[in-house]
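Engineer: Take a look at the following structure, please.
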C-alpha cells in the first residue's frame with residue numbers, strides 16, 4: 001500500500017505547487033502584490049517532508065540481504081529524485 005500511496009501523494013503535492021506558484025490566483029497575486037502564498041508554501045514543504053520520511057521509512061523496513069532490497073532501493077531513490085525536482089519548482 002505504501003509503495004503506491006506515496007507517489008499519489010507526490011502527484012497531489014505537484015498539483016498544489018502548480019496552484020500555489022503558477023495557477024491563475026497565484027499569478028494575479030504576484031502581478032498585483034508581488035507576493036507568494038506563504039501558507040501554501042509551508043504546506044507544500046511540510047507535505048514534501050512527510051513523503052520523504054515515508055520513503056526513508058520504507059527503505060529502513062526492507063530487511064538486509066533480501067533480494068528485493070535493490071529493487072526497492074531503486075524505486076525509493078527514483079521517487080526521492082522526483083521530490084528533489086519538485087522542490088526546485
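Engineer: Compute the angle between helix 38-61 and the longest alpha-carbon principal axis of the chain, please, reported from 0 to 90 degrees and rounded to the nearest 10.
Structural biologist: 0 degrees
Engineer: Another question, if that's okay. Roughly what % of Cα-Cα distances in the chain sit above 14 Å, to the whole percent?
Structural biologist: 67 percent
Engineer: Can you tell me the 0 to 90 degree angle between the C-alpha axis of helix 69-88 and the longest principal axis of the chain, rounded to 10?
Structural biologist: Between the helix axis and the principal axis of the chain, the angle is about 10 degrees.
Engineer: May I ask for the angle, rounded to the nearest 10°, between helix 24-33 and the longest principal axis of the chain, with both axes built from Cα atoms and the value confined to 0 to 90°?
Structural biologist: 50 degrees
Engineer: Please list 4-10, 32-38 highest first by mean number of surrounding beta-carbon atoms within 10 Å per residue.
Structural biologist: Listed from highest to lowest mean packing, they are 4-10, 32-38.
Every number in this text was worked out from the coordinates using simple rules, so none of it is lab data. Here the structure is a predicted model, which is why all the values come from computation and not from measurement. Methodologically, a virtual Cβ is constructed for each residue, glycine included, from the backbone with ideal geometry; neighbour enumeration extends over all protein chains shown.
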